[in-house]
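Chemist: The structure is given below, and queries will be raised subsequently.
The values are calculated or read from the model by the stated rules, or taken from the named source; none is laboratory data. The structure displayed is predicted, hence computed values, not measured ones. In this analysis, Cβ positions are derived from the backbone assuming ideal geometry, glycine residues included, and neighbour counts consider all displayed protein chains.
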Amino acid sequence: MATLASAPEPRTLQQGRRVLFQPGLVLKLVVLAILVLLIVAPMTGTVLFTLTPDAITAWSDVLVGRLAPNLFWWPLVNTMVIGVVCGVVCVLLGGFLAWAVVMTNIPFRRTIGVMATLPFMIPSFATALAWGGLFKNDRIGGDVGWLQGMGIDIPDWLAWGMVPTLVVLILHYFSLAFTIIAASLATVNSDLVEAAQIAGAKGRKILMGIILPVTTPALIAAGSLCFAGAVSNFAAPALLGLPVRMQTLSTRLFGMIEVGQTARGFVIGILLVLISALFLWLGNRAVSGRRSYATITGKGGRAKRFDLGPMRWPLFAVAALILLCATVVPVIILIASSLAPSSAFLFSNWTLHYWIGTSTANIAQGTPGIWHNPDIMWATTVTLGLGLCVAFTGMFVGLLASYTTARYRSGWLSASIMQISFLPLLIPGIAFGAAYIAFFGAPIGPLPALYGTFAILVIAGTGYLLPFSVQTGRAVIQQVSGELEESARLTGASFARRMWAITVPLAIRGLAAGGILIFVKIIRDLSLVVLLFTPTMPVMSVVAFRYASEGFTQFAHAITVLILIISIIATLLSNRLQTKSQPWLKA
Amino acid sequence: MLELKNLTKSFGDVPAVRDVSLSVPDGAFLVLLGPSGCGKTTLLRMLAGLELPTAGQILFEGNVVSDGDRQWQVDPAKRNSGLVFQSYALWPHMTVRGNVDWPLKVAGLETAARTQRVDEVLAMLEINQLAERYPNEISGGQQQRVAIARTIAPKPGVLLFDEPLSNLDAKLRVEMRTELMRLHRATGATAVYVTHDQIEAMTMATHVAVVNKGRIEQFGAPQDLIDHPASAFVATFVGTPPNNIVPVVRSGAGWQVAGRPMDITPPLDDCLAMFRADSLSVALTEGPRSLPMELVEVSTIAGRTMATALAGGLRLTAVLDRPPAARVGDRVHIGLPPVPDAWFTPYGERIA
Ligand SMILES: Nc1ncnc2c1ncn2[C@@H]1O[C@H](COP(=O)(O)OP(=O)(O)O)[C@@H](O)[C@H]1O
Ligand SMILES: [Mg+2]
């Protein structure tokens with residue numbers, strides 16, 4: 001064969017290799033094994049545990065026994081009330097804001113749009129703690145809230161139980177509804193609205209006849225997600241309901257496991273998963289049964305918005321009030337009450353004692369400020385380590401799973417990998433935590449019991465956040481098209497080398513952003529870790545929760561503020577990283 | 001020598017490439033020509049070692065590199081072949097130099113040898129002044145050159161191209177065609193070039209394989225395909241303009257050509273007649289062997305006129321010495337010669 005004069009010796013053909021399996025089989029099996037270990041095994045382990053002879057009576061205890069109303073049925077009623085009210089109100093509130101931002105000329109539209117996405121970033125236990133700082137009355141003793149301290153008598157229904165739980169959850173989840181509905185409204189082509197206007201329809205007709213039908217799938221999706229979020233939420237009912245014995249399924253589950261009635265706890269957890277999954281499934285079915293109209297039209301420039309006329313400023317005031325209550329107010333209260341010796345006088349006698357003070361016998365029973373408090377510092381270290389580890393393992397597994405399914409799309413193995421990796425979306429965090437106790441709490445074969453170790457936290461966090469990491473991983477993989485990787489394969493570079501030189505550099509931005517998202521999600525999570533918590537392996541959110549339950553509100557609030565600060569720094573870092581110039585992305 | 005033996009590839013139950021056998025000598029320029037979806041890319045990916053054949057073998061210089069029957073193949077990187085992807089697949093985070101250099105680095109070449117080879121290849125493709133740019137900072141045509149440079153740098157014995165010119169504009173395409181042929185001569189590598197554009201095939205190839213529905217319809221030199229199309233598909237796929245195919249069916253004692261009784265003697269009761277474009281004529285009045293049709297296109301090509309007429313589903317193109325007197329939209333009569341240039345069965349197989 002003729003080659004150029006300066007050519008090196010033609011490469012000799014080397015020994016080929018037999019392709020024993022269908023390509024990718026090994027990889028698929030590895031990924032599937034990881035997913036089974038992270039998700040399937042704990043879930044089935046929990047179910048199987050409740051079916052063992054010793055535990056099987058738990059089912060009848062919970063469902064029909066003498067204690068059943070207290071154990072299950074009343075908490076179920078509370079849970080459903082919370083879910084339904086929260087789902088409906090969140091859709092109304094989020095829908096209103098989305099409509100105002102996307103379709104009207106409300107003042108400060110953009111600011112409102114940004115603000116409306118923030119509440120979901122504030123963990124619900126922060127909002128619940130802030131509520132206490134403001135509304136707590138003397139019903140259960142301890143420090144009262146600011147309003148009571150100002151001499152306003154706060155009735156029990158406003159201080160504790162269902163109403164505050166609902167308000168806190170709504171202030172948290174409406175922001176999720178807003179995001180979904182606004183995205184859908186944005187796809188309503190302005191031509192669509194203008195065509196209706198030309199046909200003579202007026203505001204109300206257009207809303208009912210055009211906009212509502214087009215966005216129905218988004219409304220249903222938003223409603224069912226808010227429902228599922230609210231029924232599985234642990235922090236709000238635990239902080240605001242438990243002191244007055246209002247139980248939901250998630251607080252019941254927590255209580256059962258705390259007092260050692262594990263089997264009953266697991267049964268309640270399984271029922272909670274079923275309820276949450278059922279509604280998500282119903283919502284999904286309702287949406288997929290409909291034609292999706294959103295994609296039919298391209299996105300046109302929105303030339304005209306609804307003119308709100310004289311209602312502009314009143315509506316703005318309403319929107320601003322809601323958003324302030326959901327974002328600024330809780331943060332201010334948390335900061336203030338981490339500085340004030342008494343939450344009854346939130347804005348007086350501020351001291352940094354709870355932050356940097358050393359132990360003083362007459363303040364908080366000698367508990368030193370968080371800076372000098374070894375327990376809290378240890379919890380902070382554990383939490384940061386947990387965040388980093390889960391971000392790393394999460395992105396690793398997420399990337400591996402999405403790479404495998406993207407590259408070897410066909411076959412039932414790939415389909416099951418996809419299905420399983422999105423399973424945790426249906427599972428409330430606290431039930432997930434319970435499942436991990438059931439599965440990893442006892443030794444498995446030669447492996448020691450993992451309960452109380454750092455490892456179980458990392459494994460649980462990785463499994464729980466897998467839907468997010470797989471989603472991020474998929475987006476990343478799509479940036480690195482198959483042919484880019486194949487052309488690297490043709491050069492003979494090994495898998496590791498291709499990863500290192502081609503795939504990772506291309507994917508690093510997406511990976512880092514995804515990792516930070518996971519980091520933030522895990523450090524502010526309470527429901528997943530509350531059951532896995534042990535004093536030797538504490539995490540910040542649970543420590544804050546414990547302090548709050550014991551009446552050391554300043555510490556609880558200070559830790560929560562710390563979590564918020566870390567989240568904000570991480571988010572800013574991720575933004576910075578995203579915009580950091582990379583020459584090949586210019587132009 | 002590059003040899004394919006009964007090569008077959010199925011995705012699940014769907015065959016994409018069926019029983020393909022051919023061989024070309026070293027240094028040949030083999031063009032795989034066929035419509036979109038006929039299995040060209042699949043064939044090329046099997047040559048590159050990216051897909052394992054379901055059955056059959058691929059041999060480079062007498063060595064089996066892929067064996068579908070034994071489900072065995074040589075690793076893509078060890079087959080002494082290089083592939084230029086249709087999308088170019090340039091690594092966006094590496095400069096032009098980096099893109100060309102990296103495969104050499106993977107191959108374990110010394111830095112000095114690499115620098116020399118990269119410079120040489122960049123100069124060969126006239127992109128040396130772009131060396132430090134990133135792929136998104138250069139034009140499509142330049143990206144194409146980088147993709148080719150990257151592929152030829154390690155001096156593969158077999159060069160594979162997947163529709164390399166399809167993303168370029170018409171003028172650039174003609175330039176690149178010449179460039180690729182020059183490059184092929186310079187490297188001496190065997191080239192396998194996939195395209196759906198028969199002009200590319202006719203101008204560049206030493207050997208053409210016309211592929212249809214995963215099968216080779218005809219394999220030969222470009223001129224062979226024009227002179228002796230082996231099937232009705234080939235007859236209508238190659239040539240500028242392509243040949244005309246008219247159905248001829250028996251009707252009572254005589255035959256009907258496209259539904260009109262005509263004096264003609266086909267070898268079978270039902271068959272297809274092929275007429276070359278320059279054997280047709282266009283007239284305003286009916287002739288002894290003519291079909292009434294609507295004139296739909298008239299264009300001038302190299303001093304001659306190409307006229308296309310339409311009737312029912314039949315589309316005929318004639319090449320004339322001077323423009324017809326009719327205008328587009330007029331009814332014209334397309335005159336057929338008494339003897340067609342070839343006969344095919346109703347299934348497209350050549351009879352005579
Ligand atoms: N990875 C694949 N999985 C399933 N079917 C495929 C795959 N690749 C190609 N095909 C099918 O094989 C046939 C030939 O495809 P391809 O080789 O890409 O055609 P061409 O390159 O000639 O346009 C098509 O019908 C295509 O749908
Ligand atoms: Mg193709």
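Chemist: Picking from B:Ala16, B:Ala48, which residue would you name as being more than 11 Å from every other protein chain (Cβ to nearest Cβ), within 20 Å of the chain's Cα centre (by Cα) and either within 16 Å of ligand 1 (Cβ to nearest atom) or in contact (Cβ under 8 Å) with a residue 40 or more places away in the chain (or both)?
Modeler: B:Ala16
Chemist: Could I ask something else about it? Filter the range B:33-45 down to residues that are under 20 Å from B:Val238 (Cα atoms) and within 8 Å of ligand 1 (Cβ to nearest atom), then give me how many there are.
Modeler: Of the residues in that region, 8 qualify.
Chemist: Could you tell me whether B:Thr54 is modelled with pLDDT under 95, within 13 Å of chain A (Cβ to nearest Cβ), farther than 15 Å from B:His207 by Cβ and within 8 Å of ligand 1 (Cβ to nearest atom)?
Modeler: No, not satisfied.
Chemist: Please specify each residue of the range B:4-13 satisfying the condition of being crowded, with 19+ Cβ neighbours inside 10 Å and more than 16 Å from ligand 1 (Cβ to nearest atom). Walk me through how you get there before you give the answer.
Modeler: So the first thing to find is which residues in the range B:4-13 are crowded, with 19+ Cβ neighbours inside 10 Å, and the list is B:4-5, B:7, B:9.
B:Lys5, the sole residue that qualifies.
Chemist: Let me ask another. Could we say that B:Phe29 is away from ligand 2 (no atom under 16 Å from the Cβ) and at pLDDT 95 or above here?
Modeler: yes
Chemist: Pairs, please: C-beta under 6 Å, at least 6 apart or cross-chain, first residue over 19 Å from B:Met1 (Cα atoms) and at the interface with chain A (Cβ under 7 Å from one of its Cβ atoms) and in the range B:64-78, second assigned to a helix (DSSP H, G or I) and among the acidic types (Asp, Glu)?
Modeler: Close Cβ pairs satisfying both conditions: none exist.
Chemist: B:Leu291 - would you say it is outside any loop (DSSP other than H, G, I, E, B) and surrounded by fewer than 19 Cβ atoms within 10 Å (Cβ to Cβ)?
Modeler: Against the criterion (outside any loop (DSSP other than H, G, I, E, B) and surrounded by fewer than 19 Cβ atoms within 10 Å (Cβ to Cβ)), B:Leu291 does not qualify.
Chemist: Identify all residues within the range B:61-87 that are of a type outside the set (A, V, I, L, M, F, W, C) and either under 20 Å from B:Thr187 (Cα atoms) or not assigned by TED's automatic domain parsing to the domain that holds B:Glu163 (or both); write none if there are none.
Modeler: Within the range B:61-87, the subset of a type outside the set (A, V, I, L, M, F, W, C) is B:61-63, B:66-71, B:73, B:75-76, B:78-82, B:86-87.
B:Glu61, B:Lys78, B:Arg79, B:Asn80, B:Ser81, B:Gly82 - these are the residues of the range B:61-87 that are of a type outside the set (A, V, I, L, M, F, W, C) and either under 20 Å from B:Thr187 (Cα atoms) or not assigned by TED's automatic domain parsing to the domain that holds B:Glu163 (or both).
Chemist: Continuing with this model, one more query. Among B:Ala123, B:Ala149, which is the only one that is more than 23 Å from the chain's Cα centre (by Cα), at pLDDT 90 or above and away from ligand 2 (no atom under 16 Å from the Cβ)? Don't jump to the end; show me each part of the working.
Modeler: Details: B:Ala149 fails: more than 23 Å from the chain's Cα centre (by Cα).
Matching residue, one of B:Ala123, B:Ala149: B:Ala123.
Chemist: Here is a check on your reading of the model: is B:Ile245 of a type outside the set (D, E, K, R), touching a strand residue (DSSP E or B) at 6+ places or on another chain (Cβ under 6 Å) and on the phi < 0 side of the Ramachandran plot?
Modeler: It is true that B:Ile245 is of a type outside the set (D, E, K, R), touching a strand residue (DSSP E or B) at 6+ places or on another chain (Cβ under 6 Å) and on the phi < 0 side of the Ramachandran plot.
Chemist: Let me ask something else about it. Here are some conditions: (1) of a type outside the set (Gly, Ala, Ser); (2) at pLDDT 90 or above; (3) outside any helix (DSSP H, G or I). B:Thr240 meets all but one. Which one does it not meet?
Modeler: (2)
Chemist: Test A:Ala401 against the stated conditions and say whether it is under 25 Å from the mean Cα position of the chain (by Cα) and crowded, with 17+ Cβ neighbours inside 10 Å. If you could, list the steps in order and put the result at the bottom.
Modeler: Working: under 25 Å from the mean Cα position of the chain (by Cα): yes; crowded, with 17+ Cβ neighbours inside 10 Å: yes.
The answer is yes for A:Ala401.
Chemist: Okay, moving on. What do you reckon, is B:Asn167 in contact (Cβ under 8 Å) with a residue 40 or more places away in the chain, within 14 Å of chain A (Cβ to nearest Cβ) and more than 16 Å from ligand 1 (Cβ to nearest atom)? Before you say what the answer is, go through the steps one by one.
Modeler: Values: in contact (Cβ under 8 Å) with a residue 40 or more places away in the chain: yes; within 14 Å of chain A (Cβ to nearest Cβ): yes; more than 16 Å from ligand 1 (Cβ to nearest atom): no.
Considered against the rule, which asks whether it is in contact (Cβ under 8 Å) with a residue 40 or more places away in the chain, within 14 Å of chain A (Cβ to nearest Cβ) and more than 16 Å from ligand 1 (Cβ to nearest atom), B:Asn167 comes out as no.
Chemist: Taking the range A:504-538 on its own, how many of its residues are in contact (Cβ under 8 Å) with a residue 60 or more places away in the chain and either within 14 Å of another protein chain (Cβ to nearest Cβ) or touching a Pro at 6+ places or on another chain (Cβ under 8 Å) (or both)?
Modeler: Residues that pass the stated criteria total 7.
Chemist: Also, quick follow-up: If you scan the range A:452-472, which residues turn out to be of a type in the set (Gly, Ala, Ser) and outside any helix (DSSP H, G or I)? It would help to see each step written out before you state the result.
Modeler: Going residue by residue through the range A:452-472, those that are of a type in the set (Gly, Ala, Ser) are A:452, A:455, A:460-461, A:463, A:469.
Passing the criteria: only A:Gly452.
Chemist: Give the residues of the range B:85-104 that are in a loop (DSSP other than H, G, I, E, B), out of contact with any Asp or Glu (no Cβ under 6 Å at 6 or more places or on another chain), at the interface with another protein chain (Cβ under 7 Å from one of its Cβ atoms) and closer than 19 Å to B:Leu160 by Cα, sorted by residue number.
Modeler: The one that is in a loop (DSSP other than H, G, I, E, B), out of contact with any Asp or Glu (no Cβ under 6 Å at 6 or more places or on another chain), at the interface with another protein chain (Cβ under 7 Å from one of its Cβ atoms) and closer than 19 Å to B:Leu160 by Cα: B:Trp91.
Chemist: Checking B:Gly108 against (1) at the interface with chain A (Cβ under 10 Å from one of its Cβ atoms); (2) without any contact (Cβ under 8 Å) to a residue 12 or more places away in the chain; (3) over 20 Å from A:Arg497 (Cα atoms), which test does it fail?
Modeler: Among (1) at the interface with chain A (Cβ under 10 Å from one of its Cβ atoms); (2) without any contact (Cβ under 8 Å) to a residue 12 or more places away in the chain; (3) over 20 Å from A:Arg497 (Cα atoms), the lone unmet condition for B:Gly108 is (3).
Chemist: For the range B:13-55, enumerate the residues that are among the small types (Gly, Ala, Ser), part of a loop (DSSP other than H, G, I, E, B) and over 18 Å from B:Thr195 (Cα atoms). It would help to see each step written out before you state the result.
Modeler: Step one: of the range B:13-55, the residues among the small types (Gly, Ala, Ser) are B:16, B:21, B:23, B:27-28, B:34, B:36-37, B:39, B:48-49, B:55.
With the extra rule that they be part of a loop (DSSP other than H, G, I, E, B), the set shrinks to B:27-28, B:34, B:36-37, B:39, B:49.
Correct list: B:Gly27, B:Gly49.
Chemist: Could I ask something else about it? Would the range B:34-42 turn up any residue that is within 15 Å of ligand 2 (Cβ to nearest atom) and within 12 Å of chain A (Cβ to nearest Cβ)? Please lay out each step first, then the result.
Modeler: Step one: list which residues in the range B:34-42 are within 15 Å of ligand 2 (Cβ to nearest atom), which gives B:34-42.
Now narrow it down to the ones that are within 12 Å of chain A (Cβ to nearest Cβ): B:41.
Scanning the range B:34-42 turns up at least one residue that is within 15 Å of ligand 2 (Cβ to nearest atom) and within 12 Å of chain A (Cβ to nearest Cβ).
Chemist: If you check A:Gly551, A:Gly514, which single one turns out to be out of contact with any strand residue (DSSP E or B) (no Cβ under 9 Å at 6 or more places or on another chain), part of a helix (DSSP H, G or I) and modelled with pLDDT under 85?
Modeler: A:Gly514
Chemist: Please enumerate the residues belonging to the range B:184-199 that are over 13 Å from the mean Cα position of the chain (by Cα), surrounded by fewer than 20 Cβ atoms within 10 Å (Cβ to Cβ) and either touching a residue at least 40 places away in the same chain (Cβ under 8 Å) or more than 14 Å from chain A (Cβ to nearest Cβ) (or both).
Modeler: If the condition is that a residue be over 13 Å from the mean Cα position of the chain (by Cα), surrounded by fewer than 20 Cβ atoms within 10 Å (Cβ to Cβ) and either touching a residue at least 40 places away in the same chain (Cβ under 8 Å) or more than 14 Å from chain A (Cβ to nearest Cβ) (or both), then B:Ala186, B:Gly188 are the ones that fit.
Residue-by-condition table, conditions (1) hydrophobic (A, V, I, L, M, F, W, C); (2) at pLDDT 90 or above; (3) assigned to a loop (DSSP other than H, G, I, E, B):
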| position | (1), (2), (3) |
| --- | --- |
| B:Pro267 | no, no, yes |
| B:Val282 | yes, yes, no |
| B:Val296 | yes, yes, no |
| B:Met306 | yes, yes, no |
| B:Arg315 | no, yes, no |
| B:Ala318 | yes, yes, no |
| B:His333 | no, yes, no |
| B:Trp343 | yes, yes, no |
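Chemist: Sticking with this one: Can you find a residue that is within 11 Å of chain B (Cβ to nearest Cβ) and part of a loop (DSSP other than H, G, I, E, B) anywhere in the range A:483-492?
Modeler: Looking for residues that are within 11 Å of chain B (Cβ to nearest Cβ) and part of a loop (DSSP other than H, G, I, E, B), one finds at least one in the range A:483-492, hence yes.
Chemist: Anything in the range B:154-167 that is assigned to a loop (DSSP other than H, G, I, E, B), within 16 Å of ligand 2 (Cβ to nearest atom) and at negative phi? List them, or say none. If you could, list the steps in order and put the result at the bottom.
Modeler: Of the range B:154-167, the ones assigned to a loop (DSSP other than H, G, I, E, B) are B:154-157, B:163-167.
Within this subset, residues satisfying the condition of being within 16 Å of ligand 2 (Cβ to nearest atom) are B:163-167.
Correct list: B:Pro164, B:Leu165, B:Ser166, B:Asn167.
Chemist: Working only within the range B:43-63, note down all residues that are closer than 22 Å to A:Thr491 by Cβ and out of contact with any helix residue (DSSP H, G or I) (no Cβ under 8 Å at 6 or more places or on another chain).
Modeler: B:Leu43, B:Leu44, B:Arg45, B:Met46, B:Leu47, B:Phe60, B:Glu61, B:Asn63
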